[in-house]
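Step one of this worksheet: look at the structure below.
The values are calculated or read from the model by the stated rules, or taken from the named source; none is laboratory data. Just so you know, these numbers come straight off a predicted model, no measurement behind them. For neighbour counting, all protein chains shown are included, and Cβ atoms are generated from backbone atoms with ideal geometry for every residue, glycine included. Surface accessibility is based on the protein's heavy atoms, side chains included, excluding ligands, DNA and RNA. Shrake-Rupley method; radii C 1.70, N 1.55, O 1.52, S 1.80 Å.
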Amino acid sequence: MGGVPIRPRRASVAVAALTALLASGCTGSPDRPEPTPGPTGTSAGPSAPAASTPPGDPAARAAALAATLSDEDLVGQVLMPYAYGDSATKVSPGSAAGNQALAGVDTPAEMIARYRLGGLILVGFSADDPTKGNQETTNVDNPKQVHDLTAGLRAAAGRLATGPAPFLVGTDQEYGVVTRITDGVTVLPSALAAGAAGDPKLTEAAWRAAGAELAAMGINVDFAPVADVLATRSTVIGSRSYGADPKQAAAQVGGAVRGLQAGGVAATLKHFPGHGHSADDSHQDLPVLTQSAAALQSGAWPPFTAGIDAGAMAVMSGHLDARAIDPGIPATFSHKLLTDVLRGQLGFQGVVITDGMNMPPAKRWAPGEAAVRALNAGNDLILMTPNVGQAYDGLLAALRGGSLPRTRLVEAVTRVLTMKFRLAELPTAPMSTLNIPAHRSAAEALAAGAVTVLRGACGGAIRGPVTVTSSDGRDGTRAALTAALTEAGVSVKASGGTVVHLVGYGDGTADLRADAAVTVAMDTPYVLAKATSPTLLATYSSSRASMTALAAVLAGKARPGGRSPVAVPGLPATTCGT
């Protein structure tokens, strides 16, 4: 391990209960009949729900419930696929066809019942989303639809043997370019914007609001925050990261975890061992981390350590080849990285979740074999398998054939159930909580702290009237800034005014405007190195809160106090002093 020191393992209340369960070798009640296999080797129907579980400690409840589960129930609990459709029970013909190809069923509810699923991920994509390559469908539209969908999913899961443990419903609500639900909710600025603001208390307050709103809609797992340090100019990570400084990013990640989980949602640190240390995209190929183990420990892992210290319930393993630790093996399938390092060195005791198994580095193996390899490496949940039936059958066959040790599967299921029972103890806000003034204020405070001047005077009103321009496809953002400027008392004209030009995700030198008085970077600020405008600003985000904050700076009503969390060649972190 390159001489990396061993960090003491944290104590966990789950350890004693888990050890006792594993020692017993118990896989189910001796009086419980085995379900009848269906035509593909899966069970023809779910087991009867357990009558009750003992009150008290979540780990003890998890161990007791796991001890009652059949092989089929155990296998199902480690699967968290996606599904087609915006309702649990009523889907379009196209969505039914998608579910048939994915899992041999018509609806998400049928998928839960047939495979005794532990959870489901809600997916979606947008034009500026670097993860859209593995987002096969969209099943989020608006908060009411999401609430109805999650209620239907939970109703279906309540009939399983694991019914007493809340069903996991997850999504990638990172804010910034990866945001699944945008309408009718409070939208935070990006992680990089939070890094620019540099105040973990602001981050925690904003993420507390976000957690409350997700929980209100029935989502109890967020695949966020991104704990990757932006050590390279990675376009797939980019503004999803809190910045290039490991210590500062760590403080931000800790704040996001505390806020999100206080709001009632499990936080997931991703993508271990650190996607920001490669510029390549794991949605296309297997990125290679060439750094030494010591360099990863000091430069990539501090935010993961901070998130673990803050109590993060989950960590996502990345499809990353850390050459210094387990060369040629994606971290998702690496026992050295997930078991020896993440659990042994960093002391993580919660749930390890794979990155999407429908991504190319995971598809080098068939779905069943990939799922078995991931479980044996130390993952506890298999996310987004490309074929649910094949993954389920492969795990079941491996369990009965001995290539998946029963102790490993029971350990994984007990961790999953422990997280479920922990989530059951967290608060759930009502739907009326969505987008309330207090939540918008938290997002706006974070966005206001992020606005950075990288060239030009520190503050002062822009000479009006103003014309807002941008690269193509940003009509909504221009409209939001125009409205915010007008509200701030700045006259805005369709043309002929002082040009404020916006650039965002995916934009390059060709998208800059030579006659712009002000150029604003709404994603990573690297493009500003080539901009000729006398004033260069960065918001790192195109959210409404960020446009409101930008308008206040341009109107001379707010001081831009942010500092760029990444280095831009030829430009300072800020012109506003320390």
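For the range 174-277, what's the relative contact order in percent, using C-alpha pairs closer than 8 Å and at least 6 residues apart?
38
If you add up the charges near Val229, with Lys and Arg at +1 and Asp and Glu at -1, over every other residue whose beta carbon is less than 15 angstrom from its beta carbon, what do you get?
Cβ neighbours under 15 Å give a net charge of +2.
Given a 1.4 angstrom probe, I'd like the percentage of the accessible area of the chain that is carbon and sulfur, rounded to a whole number.
Using a 1.4 Å probe with all protein chains present, the chain comes out at 54 percent carbon and sulfur.
How would you order 65-77, 217-229 from highest to lowest mean count of nearby Cβ atoms within 10 Å?
217-229, 65-77
What is the pair-distance distribution P(r) of the range 76-201, computed from all Cα-Cα distances in 5 Å bins starting at 0, with each bin given as a whole percent?
All Cα pairs considered, the percentages come to 2, 11, 19, 21, 18, 13, 8, 5, 3, 1.
Relative to the first principal axis of the alpha-carbon coordinates of the chain, what is the inclination of helix 143-157, with its axis defined by its Cα atoms, in degrees from 0 to 90 and to the nearest 10?
That helix lies at roughly 10 degrees to the long axis.
Please report how many Lys pairs in the chain have alpha carbons closer than 20 angstrom, counting only residues at least 8 apart along the chain or sitting on separate chains. Numbers along the way, then the final one.
Working: Lys90/Lys144; Lys132/Lys270; Lys132/Lys363; Lys201/Lys247; Lys247/Lys270; Lys270/Lys336; Lys270/Lys363; Lys270/Lys420.
Pairs that pass both the separation and distance tests number 8.
Order of 344-353, 554-563 by packing, highest average Cβ count within 10 Å first?
Highest-to-lowest ranking by the protection proxy: 344-353, 554-563.
Between helix 367-377 and the chain, what is the angle of the helix's C-alpha long axis to the longest principal axis, kept within 0 to 90° and rounded to the nearest 10?
That works out to roughly 90 degrees.
Which angle from 0 to 90°, rounded to the nearest 10, does the C-alpha axis of helix 246-262 make with the longest principal axis of the chain?
Helix 246-262 and the main axis of the chain meet at about 60 degrees.
Using only alpha carbon pairs under 8 Å that are at least six residues apart, calculate the relative contact order of the range 355-403 and give it in whole percent.
42
Which of rounded, prolate or oblate describes the range 482-578 when judged by the alpha-carbon gyration tensor and an a/c cut-off of 1.5?
Verdict is oblate for the range 482-578.
How large, in Å, is the range 193-273 by the Kirkwood hydrodynamic radius built from its alpha-carbon pairs?
Taking the inverse mean of 1/r over all distinct Cα pairs, the range 193-273 comes out at 12.5 Å.
Please find the FRET efficiency linking Thr509 to Arg406, where r is the Cβ-Cβ separation and R0 is fixed at 45 Å, and quote it to the nearest 0.05.
0.20
Calculate, in nm to one decimal, what Gln100 and Thr182 gain on full extension: separation in residues at 0.36 nm each, minus their alpha carbon distance. If you can, show how the numbers build up before the last one.
Numbers: separation 82, 0.36 × 82 = 29.52 nm, distance 2.89 nm.
Length gained between Gln100 and Thr182: 26.6 nm.
Taking Rh as the Kirkwood radius computed over C-alpha pairs, what is the Stokes-Einstein D of the range 143-206 at 4 °C in a medium of viscosity 1.567 mPa s, expressed in µm² per second?
91
Looking at the range 417-481, which trypsin sites (Lys or Arg not before Pro) are DSSP coil and have at most 13 other C-beta atoms within 10 Å of their C-beta?
Answer by residue number: Arg463.
How large is Rg over Rh for the range 387-535, taking Rg from the Cα atoms and Rh as the Kirkwood inverse mean of 1/r across Cα pairs?
The Rg/Rh ratio comes out at 1.26.
Before I look further, what does the chain give for accessible area per residue, probe 1.4 Å, in whole square angstrom? List each step's numbers first, then the result.
Numbers: 19880 Å² over 578 residues.
Result: 34 Å² per residue.
Normalised by the residues of the chain, what does the relative contact order come to in percent, with Cα pairs under 8 Å and at least six apart?
It rounds to 16 percent for the chain.
Using the charge dipole of the range 158-244 (Lys, Arg: +1 at Cβ; Asp, Glu: -1 at Cβ; taken about the Cα centre), state which of Phe167, Ala194, Ser241 has its Cα farthest towards the positive end.
Positive-most Cα among the choices belongs to Phe167.
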